[in-house]
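FYI, it's all coordinate maths here, none of it is from the lab. In this text the structure is predicted, and so the values were computed from the model without any measurement. Note: ideal-geometry Cβ built from the backbone for every residue, glycine included; neighbour counts use all protein chains shown.
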Amino acid sequence: MRWIAASQQMRDLDRAAIHEEGIPSTDLMERAAEALAETAMELAEEAREPVSGKGLFLPEVRGEVSIITPEGTAACTYTKGPPVPGEPLRAAVFSGPGNNGGDGVACARLLLEAGYAVRCFLVGARDKLTPDTRAMEARLVHAGGKLEPYDPADPAQTAWALSCHVLVDAIFGIGLNTDLQGDALAAVVLMNRSGVPVVSADIPSGVEADTGRVLGEAVRAAATVTFTCAKAGHYVGKGGLHTGRLITAPIGIPDHLTAGINCLVQAVDGGDIHLPHRARDAHKGDFGKVYILGGSVGYTGAPVFAARAAVRTGAGLVAVGVPQPAWSVVAAKLEEAMPHPLPAGKEGQLSLEAAQGALEHSSACGVCLIGPGLGRGNGVSAVVRQFLREMRLPVVLDADGINALEGHIDVLDARQGLFTVLTPHDGEFARLGGDLSGGDRLGAARTFAQEHGCCLVLKGHCTITAFPDGTAFLNTTGNPGMAKGGSGDVLAGMLVSLLGQGLPARQAVPMAVWLHGAAGDRCAREKGEYGMTPSDMVEVLPELLKEFEN
């Protein structure tokens, strides 16, 4: 589990290390620069292997290219090609005047000492240099380098940057909260247009650390070296798309200080996935009985996907309630689950009479899933709300189960104290009253879960799982090939299956989300993002889960 620290927590950690532990701030900066330089050299060295296709600077891209700066200056011509044997690799470092810039200045010196040809550009006013950044400038000068003012209109500077093998972004750190402008904006645009791999210090300049919002424009990094702890902006929002490969580097802050901060947000990775051991004398009743309420005429696939995923994720018994007109189709598709018909109206959706039958069938189960393929008729919504009012078991609400709460959030609030999981995408979340207008998905998810006493799984890039106590889990798996009808039903089935098997909710929900994305990633590798389907995801579950047994 990777702990996610808020920007204020990181400032407090730095302050405690310096003032309480007596660690020189320049020592922390040196260690940060060492990790930054190491990653920069790794990216640059890839250019030495153009024949393998690994490098970015293939011989055929050598030539003249014109770039116009965002300030409207004259076009700049440069030449880009593979490294010339015997000549040093080239690097350009863009440093701000703050301490994040000091990391960059120190990195420039380390690259220079490693034999690189380096130019370090100051993006900002010299009179705003912090004492530590001034100290790093003195060390750079002593090593034979120079911190030169960045001028977007200087064609020589632009040509140098565009002909480099690596760029270092150290303009802004985790304190940025306003849109980029002026020289900083010009530098970021230049880096993004260059085609040169960029490594960012702490967080890509232009990304808000606590929300992942892009503040007008932001560096699109190939890699980001963050210090001590990861930040939410490395994962959520557009920031997760700008971070590139994330490296978390220790810089000498004592462990007892980091252990003392209360991190409420965590990123889930493969090391956190552990399926419990199954006793040799176990029977099907030991692995949970789950109930799925879904389906309608024309939407029979959704409950089938959910049921199949529940079975493949290990549920002992899976019962499925569907409208009577859809029952024969669903029954023909499900061999391992137990579908049964419920009263339906003229539209082929559940009728009001279905609520009582669903409650009776689910009474012997441990957890219920409501929603896949139900449709959005008024009668269906009434059935869902009645079910929720009378059901005392844990419930997972998906798709039309969520939509039934639109304008009736009181039904959800009345279940506080009972465990309820909601799995909306952004549109469904908005219909429930969730506010994403500020661009802070993490904050919105946590606020909703706390206010309504539920577990919220806000689906999308870096799916967020938020609990009522304010804790949240960020997912690190998944890909665009999963953006197909039925993928959400697979996730819902996996959720209800793990919960039904008795795993604690704080373990089961983030784990189901991670495994769902991992199944999608495996399908993307084997079949490609265009051709993969939700059925493929269900079929790879046994092989995937086997890796995490015991």
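Some notes on this structure:
- Range of Cα positions in the stretch 321-425 per principal axis (Å), largest first: 37, 28, 27
- Our compactness index for the stretch 161-287, the C-alpha radius of gyration over the empirical 2.2 N^0.38 Å, is 1.40.
- If you take all other residues with their beta carbon under 11 Å from the beta carbon of HIS461, and give Lys and Arg +1 and Asp and Glu -1, the sum is +2.
- Linear extension gain, HIS274 paired with ALA125, 0.36 nm per residue minus alpha-carbon span: 48.5 nm
- Once the Cα atoms are used to define both axes, helix 324-333 deviates from the longest principal axis of the chain by about 60 degrees.
- Packing-based ranking, highest mean first, of 218-225, 391-398 given that Cβ atoms within 10 Å are counted: 218-225, 391-398
- Placing unit charges on the Cβ atoms of the charged side chains and taking the dipole of the chain about its Cα centre, the candidate lying farthest along the positive direction among ALA221, LEU474, THR243 is LEU474.
- With Cα atoms, 0 to 90° folded angle of helix 131-142 axis to the chain main axis: 50 degrees
- Computed FRET value (nearest 0.05) for GLN507 with ASP27, which takes r as the C-beta separation and R₀ as 41 Å: 0.55
- Exposure rule at most 11 other beta-carbon atoms within 10 Å, DSSP loop GluC sites (Glu not before Pro): the chain longest free segment: 1-334
- Of the trypsin sites (Lys or Arg not before Pro) in the stretch 281-351, the ones in a loop by DSSP (not H, G, I, E or B) with at most 10 other beta carbons within 10 Å are LYS346.
- All-pairs Cα distance distribution in the chain, expressed in whole percent, bin size 10 Å: 4, 17, 24, 20, 15, 12, 7, 2, 0
- Efficiency of FRET between LEU418 and ALA259 - r from beta-carbon atoms, R0 30 angstrom, step 0.05: 0.30
- Here the extension length gained between GLU451 and GLU45 equals 141.1 nm, from 0.36 nm per residue of separation less the Cα-Cα distance.
- For the stretch 383-500, Kirkwood radius (reciprocal of mean inverse C-alpha pair distance, Å): 14.4 Å
- Both radii were evaluated on the Cα set of the stretch 455-508; the Rg over Rh quotient, with Rh as the Kirkwood radius, amounts to 0.97.
- Length added when fully stretched, GLU529-ALA159, from 0.36 nm per residue minus Cα-Cα: 129.5 nm
- ALA364/PHE548 FRET efficiency (R0 35 Å; Cβ-Cβ; nearest 0.05): 0.75
- Crossing angle, helix 99-113 versus the chain [Cα axis fit, 0-90 degrees, rounded to tens]: 60 degrees
- The Cα trace of the stretch 374-420 gives Rg and Dmax of 9.8, 29 Å, the first to one decimal, the second as a whole number.
- Between ALA282 and HIS425, the simple spin-label model (points 7 angstrom out along Cα→Cβ) gives 3.4 nm.
- Label point distance in nm, GLN324-THR178, each placed 7 Å from Cα along Cα→Cβ: 6.8 nm
- With contacts taken as Cα pairs under 8 Å at a separation of at least 6 residues, the chain carries a relative contact order of 12 percent.
- Per-selection metrics, the stretch 233-345 (Cα): Rg and Dmax in Å: 22.4, 67
- Zone of LEU436's modelled label, taken as backbone nitrogen in the stretch 454-469 under 20 Å from a point 7 Å along Cα→Cβ: 454-468
- Normalised by 2.2 N^0.38 Å, with N the number of residues, the alpha-carbon radius of gyration of the stretch 457-550 equals 1.04.
- Long-range lysine pairs (8 or more apart or interchain), the chain, Cα under 19 Å: 6
- Between the alpha-carbon centres of the stretch 307-342 and the stretch 372-450 there is a gap of 23 Å.
- Estimated inter-spin distance, LYS346 and LEU241, nm [label 7 Å along Cα→Cβ]: 4.6 nm
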